[in-house]
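A.B. asks: What follows is a single structure, and I will ask about it in a moment.
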Amino acid sequence: MATAARLNFRVRPDTEHRLRAAAAATDQSLTDFVISSAEARAEEVLASRTLVPADYFDQLIAALDEPVTPNEALRTLARRPRRVKQA
């Protein structure tokens, strides 16, 4: 099992009481409740700052996995000389 990192922080007594009550109401330990709540909030924050939404990214990957259907425009572009020389 990987070693878990430790986080230590202080909270006001009223905050501790609310957290303990919420943990008890959900039949979780205080640690499990705080971690799951923090993880959910972290996902929410990070998702709101993602430049490409997950569903769009999934559609893009699926489209890239589709076989290429050559057409005249692609053939014309492929015949053009390269502007960058590879070493």
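A.B. asks: Within region 24-37, how many residues turn out to be in contact with a Leu (Cβ under 9 Å, 6 or more places away or on another chain) and over 19 Å from ARG6 (Cβ atoms)?
C.D. replies: Of the residues in that region, 1 qualify.
A.B. asks: A further question follows. Can you work out which of the residues in region 31-64 that are acidic (Asp, Glu) and within 26 Å of VAL11 (Cβ to Cβ) is farthest from the chain's Cα centre (by Cα)?
C.D. replies: In this case the residue turns out to be ASP32.
A.B. asks: Taking into account only those residues within region 11-30 that are under 28 Å from the mean Cα position of the chain (by Cα) and of a type outside the set (A, V, I, L, M), which is surrounded by the most Cβ atoms within 10 Å (Cβ to Cβ)?
C.D. replies: Ranking the candidates gives GLN28 first.
A.B. asks: Residues of region 38-66 being open to solvent by less than 100 Å² (accessible area, probe 1.4 Å) and within 18 Å of LEU7 (Cα to Cα), which ones?
C.D. replies: ALA38, ALA40, ALA42
A.B. asks: Right, here's the next one. Which of the residues that make up region 69-87 are open to solvent by 100 Å² or more (accessible area, probe 1.4 Å) and not hydrophobic (A, V, I, L, M, F, W, C)?
C.D. replies: Hits for region 69-87 are THR69, GLU72, ARG75, ARG79, ARG80, PRO81, ARG82, ARG83, LYS85, GLN86.
The values are calculated or read from the model by the stated rules, or taken from the named source; none is laboratory data. What you see is a predicted model, and the numbers here were worked out from it, not measured in a lab. Methodologically, a virtual Cβ is constructed for each residue, glycine included, from the backbone with ideal geometry; neighbour enumeration extends over all protein chains shown. All accessible areas refer to the heavy atoms of the entire protein, side chains included, with ligands and DNA or RNA removed. Shrake-Rupley method; radii C 1.70, N 1.55, O 1.52, S 1.80 Å.
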